[in-house]
1. Obtain the nm distance between the two label points defined at SER27 and GLU77 by a simple spin-label model: each point lies 7 Å from its Cα along the Cα-to-C-beta direction.
2. Can you run phi through the Karplus equation (6.51, -1.76, 1.60; θ = phi - 60°) for the range 40-50 and list ³J(HN,Hα) in whole Hz, with x for Gly and Pro?
3. Check which residues have an amide H placed less than 5 Å from GLY72's amide H, if you skip close sequence neighbours.
4. For the range 83-93, just list the computed ³J(HN,Hα) in residue order, Karplus coefficients 6.51, -1.76 and 1.60, θ = phi - 60°, integers in Hz, with x standing in for Gly and Pro.
5. Please list 3J(HN,Hα) in residue order for the range 54-62, calculated via the Karplus relation 6.51 cos²θ - 1.76 cosθ + 1.60 where θ = phi - 60°; whole Hz, with x for glycine and proline.
6. So how do 96-104, 39-47 stack up, highest first, on mean other-Cβ count within 10 Å?
7. Can you give the extra length, in nm with one decimal, that the chain gains between GLU94 and ASN47 once fully stretched, where that is 0.36 nm per residue apart less the Cα-Cα distance?
8. Which cross-chain or sequence-distant (5 or more) residues have an amide H under 5 Å from the amide H of ILE79, H modelled 1.01 Å from N in plane?
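Every read-out reported here was derived from the displayed coordinates using simple, explicitly stated rules and does not represent laboratory data. Keep in mind it's a predicted model, so treat the numbers as computed, not measured. Note: ideal-geometry Cβ built from the backbone for every residue, glycine included; neighbour counts use all protein chains shown.
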Amino acid sequence: MSKEFNTINAGLSKEEQNARLDIRYISSTGKHIIVELKRYVPTYKVNVFSLHEQVYKYRNALQKCLNAVNRGHEPIEAICIIGKEILPDEMTLEQANQKLAGDARIITYDQIIFESLQSYSEYIQKQKGIGKIKKLIDSI
């Protein structure tokens, strides 16, 4: 990632050049996705405002790079993945996402695991039905 950014003269500030993205990829729809991974149990202070500041820096640097190669119109999405201990007890995930004002969204590792298990369970159930149909077709 850094190697590619270094080949583009996009007028990045020193801070933007030194920023370390965790994950960046382009979705099949052409949207640039920035994923910021935080430790499940952080060893340093993290809050919604510091996440917003970090994501803003990444988005700004990526936007400059896209502009430099005439692709500044392409959409950028940022996702912060956190452990549940990062948010203060009185703040819900919905409230934290509102504070990010659409610049990014926060999801938890627990949420990803739960949704993945649920999707996999649904997949297994569908495979059972397909297996019955396949047996029936094979017997014919």
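1. 0.2
2. Once θ is set to phi - 60°, the couplings for the range 40-50 become 4, 10, x, 9, 9, 6, 10, 9, 4, 5, 5 Hz.
3. ASN67
4. Along the range 83-93, the couplings run x, 6, 7, 6, 6, x, 4, 7, 10, 7, 4 Hz.
5. These are the phi-based 3J(HN,Hα) values: 5, 5, 4, 4, 5, 4, 4, 5, 5 Hz.
6. 96-104, 39-47
7. Working: separation 47, 0.36 × 47 = 16.92 nm, distance 1.42 nm.
Once the chain is fully extended between GLU94 and ASN47, it gains 15.5 nm.
8. ILE34, VAL35, GLU36, ARG105
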